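Asker: Sending over a structure as structure tokens; questions will come in a sec.
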Amino acid sequence: MQRRSFGRAVLAVVAGLVLASCSGGTATSGNQSAGQAPPAQADGGRTFPVKVTHKYGTTEVRKADKIVTLGLSDHEIVLALGAKPVGVVDWFKERPFGKFPWQKAKWGDTEPQIVGERDDYNMERIIALQPDLIIAQYSGMKKEQYDALSRLFPVVAQPVGYADYAAPWQEMTRVVGRAMAKSDQAEALIKGIDDRYAAVRERNPKFGQKTIVVGDSFQPGAYAAFAAHDPKAGFMVELGFKTPPRIAAAPKEQNVVEVGSEGLGLFEADVAVWLTSSEDAVRRTQSDPLYRKLKVATEGRDLFIPYETPPIGAALSFGTVLSIPYAIDNAVPLLAKAVK
């Protein structure tokens, strides 16, 4: 994938291309609009135009027929609300959209344009799509990027009051729902999942008595525990589990606490959940001499969950209104067996 910077020289060229290609039309910025608003549209208890406040200001949205999502998992919220983004970013460098079971039916035969890789956006591709709305919730969009894009299109950046990648799924769903004039539908989705979490907690009261750490390891001797505000650990908290103080104290600006083998005591909790990318990764962790000394390992209170085959870890990673039901259905039975 060709990467694009947001330097001033590039922006000047891109802006020129857009103005030349708009056939005399007026570009709409993220914070102000030009021309006349379309007729009000009743949808989900809200009407266009809507104003949405976000990290970089307030954006007026007049319609949401063509949506580009720049957050890593934003496309799932849009799908859950009944629309298919025309452009998305690639998170895992393997075109994850439509790949997972909770997404397939929503996408159908539609395949969106790839307009970036993580937080590196391809301006020309975004411009070519001429979106009505750009959404960047679960993202690290910089002010420079926002300014460049909002000169051309309405952009709804990260939620107010949270560090990047630290906003709860409920808040991101509400922001997207408002931007799409589907606030009532968004609230209904949130309530449905909240009710499912409550049912799990009621059926598994032991969860509320246990501490849990969710971790990963991509190379020998290097381990990461996910912070409580990360979707993977946040899922466990919603199920009723407690976060150990040393994990809960992680700064909101980072989603993991990284340690070497000597720091594996970080995972000494009532339950340790490892998200794994392969059987080799499982064996590597289990064979670490220092890990083998932990009580959570010797007493069999550790649980290894794959990212794929089945994609339970992927559902936890996305952590959206679309993926959470799949995660509940598939992870809860495993957790119930691991809780002593």
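The values are calculated or read from the model by the stated rules, or taken from the named source; none is laboratory data. Just so you know, these numbers come straight off a predicted model, no measurement behind them. Virtual Cβ from ideal backbone geometry, glycine too; neighbours counted across all protein chains shown.
Asker: Select from region 210-240 the residues that are touching a residue at least 24 places away in the same chain (Cβ under 8 Å) and either within 14 Å of ALA336 (Cα to Cα) or assigned to a loop (DSSP other than H, G, I, E, B) (or both) and list them in ascending order.
Answerer: Those that are touching a residue at least 24 places away in the same chain (Cβ under 8 Å) and either within 14 Å of ALA336 (Cα to Cα) or assigned to a loop (DSSP other than H, G, I, E, B) (or both): LYS210, THR211, ILE212, PRO220, GLY221, ALA227, HIS229, ASP230, MET236, LEU239, GLY240.
Asker: May I pose another question? Within region 117-166, count every residue that is in contact with an Asp or Glu (Cβ under 6 Å, 6 or more places away or on another chain) and among the hydrophobic types (A, V, I, L, M, F, W, C).
Answerer: Going through region 117-166 one residue at a time, the tally reaches 2.
Asker: Looking at region 90-140, which of the residues that are modelled with pLDDT of 95 or more and under 20 Å from ASP230 (Cβ atoms) is nearest to the chain's Cα centre (by Cα)?
Answerer: The selected residue is TYR138.
Asker: All but one of (1) of a type in the set (Gly, Ala, Ser); (2) in contact with an Asp or Glu (Cβ under 8 Å, 6 or more places away or on another chain); (3) crowded, with 18+ Cβ neighbours inside 10 Å hold for ALA222, so report the exception by its number.
Answerer: (3)
Asker: Among the residues in region 186-204, are any outside the structural domain of PRO131 (by TED's automatic domain parsing), of a type in the set (Ser, Thr, Tyr) and farther than 18 Å from LEU294 by Cα?
Answerer: yes
Asker: Of everything in region 253-269 that's of a type outside the set (A, V, I, L, M, F, W, C) and closer than 14 Å to THR298 by Cβ, which residue is surrounded by the most Cβ atoms within 10 Å (Cβ to Cβ)?
Answerer: By that ranking, first place goes to GLU268.
Asker: With respect to the numbered conditions (1) crowded, with 17+ Cβ neighbours inside 10 Å; (2) over 12 Å from ILE212 (Cβ atoms), which one is the sole condition not fulfilled by MET236?
Answerer: Looking at each condition in turn, MET236 falls short on (2).
Asker: Right, another one. Step by step: first the residues of region 150-161, then only those that are of a type outside the set (Lys, Arg) and in contact with a helix residue (DSSP H, G or I) (Cβ under 7 Å, 6 or more places away or on another chain), then the one that is farthest from VAL237 (Cα to Cα). Which residue is that?
Answerer: LEU152
Asker: Taking only region 222-259 into account, find how many residues are of a type in the set (Phe, Trp, Tyr) and modelled with pLDDT under 90.
Answerer: Qualifying residue count, region 222-259: 0.
Asker: Could you list, in sequence order, all residues of region 195-245 that are basic (Lys, Arg) and more than 24 Å from the chain's Cα centre (by Cα)?
Answerer: Answer for region 195-245, where residues must be basic (Lys, Arg) and more than 24 Å from the chain's Cα centre (by Cα): ARG203, LYS206, LYS210.
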